[in-house]
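Let me begin by presenting the structure, written as structure tokens, before commenting on it.
The values are calculated or read from the model by the stated rules, or taken from the named source; none is laboratory data. Keep in mind that this is a model prediction, so the values were computed, not measured. Cβ coordinates were reconstructed from backbone atoms using ideal geometry, including for glycine residues, and neighbour counts include every protein chain displayed.
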Amino acid sequence: MLDALTAIFEALPYLLKGAIATSGIVIGAMGLGLVMGVHMAVGQVYGNRAVRWFVGLYVWFFRGVPVLVLLFLFYFGLFAIVGLNLSAFTASILVLGMTTAAYQSQIFRGAILSLPKGQLQAARALGMSDIKAIISIILPQALRFSIPGWSNEYSIILKDSALAFVLGTSEIMARSHFVASRTYHHLPLYITAGCLYFLLTWIGVRALLKLEAKVRIPGYSQ
Amino acid sequence: MTKPKKPILRVENICKILGGKEILKSVSLSLNKGELKVLIGPSGAGKSTLLQCINFLIPPDKGRVWLEETEIQNRKKRDLYAFRQQVGMIFQDFNLFDHLNALENVAIALRKVKKMSRQAARDHAVAELERVGLGDKITLYPAELSGGQKQRVSIARALAMEPKIMLLDEPTSALDPELIGEVLSVIRDLAQGGMTMILATHQIGFTRSLADEVLFMENGRIIEQGSPKDLLSPDACSRSWDFCSRLNELHEEGV
Amino acid sequence: MDTIFFTDQLIPALNRGLVMSIKLIIPSGLIGLMLGIVIGTLRTFGHSAVRKAANGYATLFRGTPLVVQLFLLYFGLPNLGIYLDAYTAAVVGFILCSGAYHSEYIRGSLLSIKKGQFLAAQSMGFSTFKTMCSIIVPQAVRRALPGCGNEIIYLIKYSSLAYIITCIELTGEGKMIATRTFRYTEVFMVIGFYYLVLVTMASFVLQKLEVRLKIPGFGKA
């Protein structure tokens, strides 16, 4: 019992550095997913048939293939074929980002579709171009509605980021596994890893709740 | 009459406090076989709570209930379930089981509670649905029925259990005016067929023509009781008459 | 492209892996769902202590990565003298994890059922247990179906994690061939295709099931 505690205590600074790497992966992936997801959602709702078809295919692929397989496919395969020589850390961000983009696009799409039709019509009636109307009228509303779904997606990607260790990314999971196989204190170290993930989930979800409250428009909710 | 009939249901000194408010203040009543007693009174008087206390859907804080000289021990689950099978209950908002069609709504308790075979339960349920005039609607789901039809299914569901008494909690209050008649006519048939019932309602005309006794409730107490003739006539000078005439001013009712 | 690599090496290995994957997915899916129904019910109607315990379980398993849970079961439990083989550890991990997620959907759908449904059943002499079995759960399962269906799809994909704890299934078989032959792109494309087929088939079946169980006027929670 005592050596288990000592093992945790000694490993903690090392694991916390892993937590920083994990946070980096998650923030990077969520950011990439946000940018891609918004474009894909707009494309799927307002785009022509080819765009809709392409986004549909993208979403089907990335939602149908396990993250683990995607990590291997891109890191060992596709990235090299297109001549990218990426670190495991960057590759993890890209793959998780592309994956969450598929899910995020559906969150944003749902939010856009839930807005009343009159919003776009009113903007057009004021002489706005469709692009301008989408940017300044539709998205500000749709993104607000998307925060709960986004928060959910955050906690999923945070947990998926643990898979980055199979590429050799030195994040929480990789580090706890490394220490565990040295010290044979598997149980306490994985419990510590679990606690760190738990903590990061909690912090992120709290922050997004704060954000949601901050950007809330009075009398406007779903 | 040779000797006084023994009451089939006896309720004594029911008290209930809900959310710090005294809803029922020591209410007692008794019911003879074949009687129809009508509870009237303003909303919030405690009619609904009283009916739900009688079969312990809301456990009363104090008070005792007898069915045919047997006191109900509501702490004994088995006794309680057996008692409830003998007391049919009709709710204001029907409470049909949303995932079952009309036939299954009637049959489910027969199968699960009375342990009847699937076929026997089905036959019995069809018969009960025919009795309330819904023989052609047995495969429809609650969402496909009108309010009046839903309430008739719920009556059939209660009747299928062959209850000794029935408690009807404002069965027509949630219905559109044009649908009230079909439900009242089913209840009238029941009354004329000798079913023992307590009915909470605002249908004064119906009460006047069919009730054996009217119980007027206000603020958690039965403050007047008597025959409709005594209570519901202009020269009775009763609270009941007062209340009913005000109801009638609000909306002229048919029945 | 040499087809021999595919027909002689890759496809037979992947098919072997697929069988293992299915052996992981089916018991985990079924038992996980049942566990989710029990836990979801306890979280909604249990007494305070039971409810707290069930909530704690769900929060814990939903708040930590599945990999961590699998590592705990496979590498961690031996610290306590409990040894699970890779397959058992994987199945137990999948059941516990998906049970926690299912319980969330079940709970949501139970909370959406109107109180009158209880009252009506009780008024006819249903015991609490029978009310749950005949009236409440059948309604709740229908309302929870879209969410639980999604969870089954997740399970199909996350069954790939079994390979990390040395239970060699679809991903594991492929990974070994890819490492040996360095043909990562082809191998993982084909594996991806296998999963796409599985997931698409499962979605199709779930949609059919939803249509089959559909009752007029009885929508999602």
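Taking the condition within 14 Å of chain C (Cβ to nearest Cβ), farther than 30 Å from residue B:241 by Cα, of a type in the set (D, E, K, R) and free of Cβ contacts under 8 Å to residues at least 12 places away in the same chain, does residue B:144 pass? Even if it seems obvious, please write down each step before you answer.
Details: within 14 Å of chain C (Cβ to nearest Cβ): yes; farther than 30 Å from residue B:241 by Cα: yes; of a type in the set (D, E, K, R): yes; free of Cβ contacts under 8 Å to residues at least 12 places away in the same chain: yes.
In short, yes.
Suppose we filter C:116, C:147 for residues that are closer than 26 Å to residue C:215 by Cα, away from every other protein chain (no Cβ under 11 Å) and either surrounded by fewer than 20 Cβ atoms within 10 Å (Cβ to Cβ) or modelled with pLDDT under 90 (or both); which single one remains?
One residue alone meets the criteria, C:147.
For region A:13-28, which residues satisfy the criterion of being within 28 Å of residue C:178 (Cβ to Cβ) and within 14 Å of another protein chain (Cβ to nearest Cβ)? Please lay out each step first, then the result.
Of all residues in region A:13-28, those within 28 Å of residue C:178 (Cβ to Cβ) come to A:18, A:21-22, A:24-26, A:28.
Across region A:13-28, the qualifying residues are A:18, A:22, A:25, A:26.
Provide a single number: the residues in region B:90-143 that are outside any loop (DSSP other than H, G, I, E, B), over 28 Å from residue B:38 (Cα atoms) and charged (D, E, K, R).
The total comes to 6.
Of the conditions (1) within 8 Å of chain A (Cβ to nearest Cβ); (2) under 17 Å from residue A:74 (Cα atoms); (3) surrounded by 18 or more Cβ atoms within 10 Å (Cβ to Cβ), residue C:172 clears all except one; give me its number.
(1)
Give A:164, A:174 a once-over and let me know the one that is more than 9 Å from chain C (Cβ to nearest Cβ), more than 27 Å from residue A:212 (Cβ to Cβ), surrounded by 23 or more Cβ atoms within 10 Å (Cβ to Cβ) and hydrophobic (A, V, I, L, M, F, W, C).
Details: A:174 fails: surrounded by 23 or more Cβ atoms within 10 Å (Cβ to Cβ).
So the residue among A:164, A:174 that is more than 9 Å from chain C (Cβ to nearest Cβ), more than 27 Å from residue A:212 (Cβ to Cβ), surrounded by 23 or more Cβ atoms within 10 Å (Cβ to Cβ) and hydrophobic (A, V, I, L, M, F, W, C) is A:164.
For residue A:170, state whether it is hydroxyl-bearing (Ser, Thr, Tyr), modelled with pLDDT of 95 or more and closer than 20 Å to residue A:68 by Cα. Explain how you work it out, then say what you get.
Working: hydroxyl-bearing (Ser, Thr, Tyr): yes; modelled with pLDDT of 95 or more: no; closer than 20 Å to residue A:68 by Cα: yes.
Considered against the rule, which asks whether it is hydroxyl-bearing (Ser, Thr, Tyr), modelled with pLDDT of 95 or more and closer than 20 Å to residue A:68 by Cα, residue A:170 comes out as no.
So which residues in region B:3-52 are among the β-branched types (Val, Ile, Thr) and within 28 Å of residue B:188 (Cα to Cα), if there are any at all? I'd like the intermediate steps shown before the answer.
Start the filter on region B:3-52 by keeping residues that are among the β-branched types (Val, Ile, Thr), which leaves B:8, B:11, B:14, B:17, B:23, B:27, B:38, B:40, B:49.
Residues satisfying the conditions are B:8, B:11, B:27, B:38, B:40, B:49.
Okay, residues lined up against (1) buried (at least 20 other Cβ atoms within 10 Å of the Cβ); (2) over 23 Å from the mean Cα position of the chain (by Cα); (3) among the charged types (D, E, K, R):
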site	(1), (2), (3)
C:161	yes, no, no
C:164	yes, no, no
C:176	no, yes, no
C:186	no, yes, yes
C:201	no, no, no
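If I ask for residues that are surrounded by fewer than 21 Cβ atoms within 10 Å (Cβ to Cβ), more than 14 Å from chain C (Cβ to nearest Cβ), part of a helix (DSSP H, G or I) and without any contact (Cβ under 8 Å) to a residue 60 or more places away in the chain, which ones from region A:40-65 would you list?
Matches in region A:40-65: A:43, A:49, A:50, A:51, A:52, A:53, A:54.
Residue-by-condition table, conditions (1) part of a helix (DSSP H, G or I); (2) more than 22 Å from the chain's Cα centre (by Cα); (3) surrounded by 22 or more Cβ atoms within 10 Å (Cβ to Cβ):
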{"position": "A:150", "(1), (2), (3)": "yes, no, yes"}
{"position": "A:170", "(1), (2), (3)": "no, no, no"}
{"position": "A:181", "(1), (2), (3)": "yes, yes, no"}
{"position": "A:197", "(1), (2), (3)": "yes, no, yes"}
{"position": "A:203", "(1), (2), (3)": "yes, no, no"}
{"position": "A:208", "(1), (2), (3)": "yes, no, no"}
